[in-house]
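Okay, so here's the structure we're looking at.
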Amino acid sequence: MMNESSSPERRIFSAKERFGGELVILGHHYQKDDVIRFADTVGDSLQLARAAAANKSAKYIVFCGVHFMAETAAILARPGQTVLLPESDALCPLAEKADRLLVEDAWSQLEGCMSPERDVMPITYINSEADLKAFCGTHGGSVCTSSNARKILEWARDRRPRTLFFPDQHLGRNCGVRMGIPLERMPLWDPREPLGGNSREELLGAQIILWKGWCYVHQRFLPTHIIDARRRYPGIRVWVHLECTQEVVRLADDAGSTTDILRMVDAAPPGTKWAIGTEENLVNRLARAHPEQEIHLLSPSPNNCITMNKTTVESLARVTDGLLRGELVNPIHVPEVVAGPASVALQRMLEASG
Ligand code: 13P
Ligand code: SF4
């Protein structure tokens, strides 16, 4: 049995050795390098949701990421599997921009203008707590990630004339623009205002109603950062995450999910110059993996997601030490009344995104 005075790294390796395939560590791309080195699967939120759903042998799934990701894994887990989150207060501030009460209030206000069950498809970004996924499951809707958001918004459009998309306005707007929807048909829903700050006519003319939420990490990238990067590094290609504002996405060469960004860089020829607008850990890791290219962070550092960065080797070791002692540290439990309908919404997403 490993002594808890050994280094956290040695204790984590010892737990991996002791549990073999019964212990799986998942790591989101935005985690720090010293944490990511322990991950059995590294990915974006869609890949990690799939990895959690596909794993049949693991008894313990340790999720190095933020709370909604671990909760999603717990909803998709099989009976007998336990998901553990090293930092229990690693919350995503974007996910906190909408909650069940506010969304139910919006839904009942929409009932004053239309029949939402027939006319409005609720879609939640995976960056949301489980009860919002459950809301979507109950009302015919689904979930999306930044990798499949456009596909899921098209799925919604094919079923109901309007979509209520929460909580990230930018992802919804950027995908809506790619679908050819004019900006005026994507009104913003401010939960503090009656009718979200819109007229009845604006809502009736809407194709996507965008919740007023944002990610502070991605909203920080500005058009001036792109203009500066192009001036400083002639020939540079600018790639940004779809959670950036529409103005930034419009000026960039392209935009996508974290995986889209990784694929673009992996496929580029030596000498390609990039300015990348997403979380700093991922950009720095890409720069180290591709010394044959020139990779810059789009805006000056720091550009970290503070809550993603809460997870440390020590907090991961606390979870694996617990397992070695037979204790569950920070298990994620989603009550069945929420997990059932949330899983319906997630399954719709997994089926629709192929
Ligand atoms: P991905 O879906 O690209 O992994 O993004 C998750 C996230 O939190 C981005 O800020
Ligand atoms: Fe949430 Fe933004 Fe952090 Fe992603 S980067 S986890 S959206 S706060």
**Request:** Would you check if Thr245 is closer than 18 Å to Asn127 by Cβ, surrounded by fewer than 23 Cβ atoms within 10 Å (Cβ to Cβ) and in contact with a His (Cβ under 8 Å, 6 or more places away or on another chain)?
**Result:** yes
**Message:** Just to be sure before I move on: is Ala268 among the small types (Gly, Ala, Ser) and within 16 Å of ligand 2 (Cβ to nearest atom) in the structure I sent?
**Reply:** no
**Prompt:** Is it the case that Leu210 is within 16 Å of ligand 1 (Cβ to nearest atom) and in contact (Cβ under 8 Å) with a residue 40 or more places away in the chain?
**Reply:** no
**Prompt:** Among all residue pairs at least 6 apart or on different chains, which show Cβ distances below 7 Å where the first residue, located in the stretch 37-55, is acidic (Asp, Glu) and the second is part of a loop (DSSP other than H, G, I, E, B) and surrounded by 19 or more Cβ atoms within 10 Å (Cβ to Cβ)?
**Reply:** Asp44/His29; Asp44/Thr145; Asp44/Ser147; Asp44/Ser257
**Request:** Filter the stretch 244-262 down to the residues that are polar (S, T, N, Q) and in a helix (DSSP H, G or I), then identify the one that is farthest from ligand 1 (Cβ to nearest atom).
**Result:** Gln246
**Complete:** Those residues of the stretch 103-150 which are crowded, with 18+ Cβ neighbours inside 10 Å, more than 15 Å from ligand 2 (Cβ to nearest atom) and of a type in the set (A, V, I, L, M) amount to Val103, Ala106, Leu110, Val120, Met121, Ile123, Ala130, Ala134
**Message:** So for the stretch 63-76 (the condition being charged (D, E, K, R) and more than 16 Å from ligand 2 (Cβ to nearest atom)), does at least one residue qualify?
**Reply:** no
**Message:** For the stretch 248-272, which positions are surrounded by 17 or more Cβ atoms within 10 Å (Cβ to Cβ) and out of contact with any strand residue (DSSP E or B) (no Cβ under 9 Å at 6 or more places or on another chain)?
**Reply:** Leu262
**Item:** Within the stretch 76-107, tally of residues that are modelled with pLDDT under 95 and in contact with a helix residue (DSSP H, G or I) (Cβ under 7 Å, 6 or more places away or on another chain)
**Value:** 2
**Prompt:** With Val319, Val337 as the choices, which residue is surrounded by fewer than 16 Cβ atoms within 10 Å (Cβ to Cβ), away from ligand 2 (no atom under 16 Å from the Cβ) and β-branched (Val, Ile, Thr)?
**Reply:** Val337
**Asked** Just for strands (runs of 3 or more DSSP E) wholly inside the stretch 138-243: which have at least 1 residues that are polar (S, T, N, Q)?
**Response** 142-144, 162-166
**Request:** Please work out which residue is nearest to ligand 1 (Cβ to nearest atom), limiting yourself to the stretch 2-60 and to residues that are basic (Lys, Arg) and touching a Ser or Thr at 6+ places or on another chain (Cβ under 8 Å).
**Result:** Lys32
**Of residues in the stretch 275-304 being among the charged types (D, E, K, R) and surrounded by fewer than 21 Cβ atoms within 10 Å (Cβ to Cβ), the one nearest to Tyr216 (Cα to Cα)** = Glu280
**Asked** Is one or more of the residues making up the stretch 188-210 within 16 Å of ligand 2 (Cβ to nearest atom), more than 25 Å from Pro302 (Cα to Cα) and either under 24 Å from the mean Cα position of the chain (by Cα) or not charged (D, E, K, R) (or both)?
**Response** yes
**Request:** Return yes when Pro335 is within 24 Å of Val35 (Cβ to Cβ) and at pLDDT 95 or above and no when it is not.
**Result:** no
**Asked** Going by the structure shown, is Gly235 crowded, with 22+ Cβ neighbours inside 10 Å and at positive phi?
**Response** no
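The values are calculated or read from the model by the stated rules, or taken from the named source; none is laboratory data. As the structure is a computational prediction, the values presented were derived from the model and not from experiment. Glycine gets a Cβ as well: all are built from the backbone with ideal geometry, and neighbour counts include every protein chain shown.
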